[in-house]
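A.B. asks: What follows is a single structure, and I will ask about it in a moment.
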Amino acid sequence: MALAHLPFVLLLVSSVAAFAAGDHGLTHIHLYVHETYTGANATAAAVLQSPLGANSSFGSMGVVDDEIRVGPDRSSQLVGRYQGVFFGTSVQLGAGYLSSITLVFTAGEYNGSTLSVQGPLLGFTGTIERAVVGGTGKFRLARGYMLFKMISKPTPETDVNEINLFVLMHPAGGARVGIAHRRREEAWRLPVRPLEAVLRGHMRRCVRQAPPQPPLGRGPERLHRVIHLK
């Protein structure tokens, strides 16, 4: 499916001043995560409770498989899944988690591609920032950051979260490899045959300049001569 037909927004922002040397591109992805806490269609679950009691998150674990949609309305098109795990890592009172998230895209040209996000979750209010640490498919070698913010609770069992990802695409990654990048890579390739010729000539000069050596023996004598030759 062509980029113009994608149901979600992928803005390719030219960053000439900051990234002209590497010709990297900054991709802005703006989507919405819909989560359901309870019921037959729950997309989040607490797997382990903290051994320190209900007032602590330390040692607890939770999982999510939320829906990624193009808008805040539940009827907007589904374009992926927000899948991950959360581990309670704070021994202090309150919430403190380490999260590892994978955004799995299931629509359009980016169907099957993923982005990996990792970082701390120190609370559930305000804007939460975490790092984009990689990706697969069209997002190979991606890096950047994600801003996550809860914007509404349509029902007591659900919430809607807005996510903004700012992703740097490396020229060697899947989404931005084009003719220009291939030509640049070809320009950096070393000429193999001339390099071999240079090495052969260098070795011939070394052989001519090296003093004659007696045949290598065995035991300590051989070890001494090998070290000496190096």
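Read-outs: derived from the displayed coordinates by stated rules, not from any lab. Just so it is clear, the structure is predicted and the values come from calculations on it, not from any experiment. Neighbour counts are summed over all protein chains in view; Cβ atoms, including those assigned to glycine, are modelled from backbone coordinates with ideal geometry.
A.B. asks: Which of H28, H34 comes first, and how do the rest follow, when ranked by fewest Cβ neighbours within 10 Å?
C.D. replies: Neighbour counts put them in this order, fewest first: H28, H34.
A.B. asks: Counting alpha carbon pairs within less than 8 Å and at least 6 residues apart, what relative contact order, in whole percent, applies to region 42-162? Provide the component values of the computation, followed by the final result.
C.D. replies: Numbers: 295 pairs, mean separation 18.6, N = 121.
Here the relative contact order equals 15 percent.
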